[in-house]
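For reference, the structure discussed in these notes is given below.
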């Protein structure tokens with residue numbers, strides 16, 4: 001018969017205490033549980049009564065004994081109790097084995113946010129742990145095992161990584177935005193005929209940028225839906241509502257492309273109200289785009305088509321708005337922009353490849369808006 005008093009060291013140990021009590025330890029190098037030495041019993045008792053995830057690896061084979069708090073770390077691994085560390089964590093043994101052996105030689109190890117690729121749910125997954133491997137000595141001072149205290153920090157590390165990416169994206173986006181604001185201010189002041197016109201035009205353009213940036217920030221997007229960008233850019237032109245149609249498949253833009261497209265649409269609408277189709281009661285504007293598969297060489301084409309207004313005429317001089325559409329928009333989409341003036345109505349066409357809509361933005365400030373413009377009077 002078993003001496004029940006020999007099992008008091010398992011008291012208060014929860015479900016793992018029952019599992020340890022019922023395990024066939026005679027089949028392991030530890031031998032029958034009622035013959036365990038005092039050092040092992042004390043170590044197991046302390047570990048079982050701790051709410052912190054802990055595991056004992058006992059003897060040179062590192063036989064595993066763990067508490068309730070440690071079970072989530074094992075996930076769906078096969079039964080680990082009484083099995084060697086090498087078998088339980090075979091996929092990371094080349095990494096953790098030397099650490100365990102180091103502790104078994106008497107040198108404790110502390111590692112914070114330690115990365116490993118483990119298999120505990122039937123597939124490899126990247127995980128991070130903060131842990132300490134400490135030697136456990138018997139009553140004679142000999143190292144008999146290792147106490148491992150482990151805390152999984154996967155969620156914390158991933159949150160920090162996400163925050164780092166978001167901060168980098170925000171910094172990158174702000175550089176683009178500030179470069180555009182600086183360029184817009186300089187170019188608007190240079191082309192304006194008066195201080196009042198400069199103030200009015202600059203406020204309008206900055207409002208367009210703000211709306212485009214709001215689209216990017218909504219829902220914590222890293223990219224902006226093209227239709228939403230266009231609709232926000234057109235929101236100030238209430239007189240054109242009902243006469244501007246928008247048609248195209250759902251498509252997302254990078255932050256720089258969203259900002260430059262919003263500005264271009266604003267300039268096109270402004271010119272249309274002043275000189276084009278939207279200046280006439282029956283005038284109409286159609287905005288449509290054709291898209292292929294994302295990330296491919298398929299063609300992407302966006303067109304602005306006016307009809308029903310006065311006959312289109314090519315301006316004698318290109319103003320900042322025309323320069324922004326023809327140069328900046330083309331460069332940000334890494335494509336070509338054509339502006340044509342057939343009698344039936346002005347037409348603007350942007351053509352590029354779908355892979356260019358998936359390309360990362362350059363983190364550098366955009367020099368094109370900052371470059372000096374020709375020092376000649378120009379139309380809007």
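Nothing in this text is a laboratory measurement; each read-out follows from the coordinates by a stated rule. All figures in this text were calculated on a predicted structure; none of them were measured in a lab. Cβ coordinates were reconstructed from backbone atoms using ideal geometry, including for glycine residues, and neighbour counts include every protein chain displayed.
Overview of values
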item: Full-extension gain in nm, residue 246 to residue 15, via 0.36 nm per residue minus C-alpha separation; result: 76.8 nm
item: Efficiency of FRET from Cβ geometry, residue 108 and residue 34, R₀ 25 Å, rounded to 0.05; result: 0.25
item: Contour minus Cα-Cα distance for residue 334 and residue 355 (0.36 nm per residue); result: 6.6 nm
item: Square roots of 5 times each gyration tensor eigenvalue, C-alpha, region 109-167, largest first, Å; result: 32, 15, 6
item: Exposure proxy ranking, count of Cβ atoms within 10 Å, fewest first, for 354, 16; result: 354, 16
item: For 196, 306, 152, order by how many other beta-carbon atoms lie within 10 Å, fewest first; result: 196, 152, 306
item: Residues 109, 322 arranged by fewest to most Cβ contacts within 10 Å; result: 109, 322
item: Whole-number D in µm² s⁻¹ for region 4-152, Kirkwood Cα-pair radius fed into Stokes-Einstein, 20 °C, 1.002 mPa s; result: 138 µm²/s
item: For region 4-152: relative contact order, % (alpha-carbon pairs under 8 angstrom, 6 or more apart); result: 22 percent
item: FRET efficiency estimate (nearest 0.05) - Cβ-Cβ, residue 23 to residue 121, R0 30 angstrom; result: 0.80
item: When the convex hull of its Cα atoms is projected in every direction, mean area for region 83-131 (nm²); result: 3.6 nm²
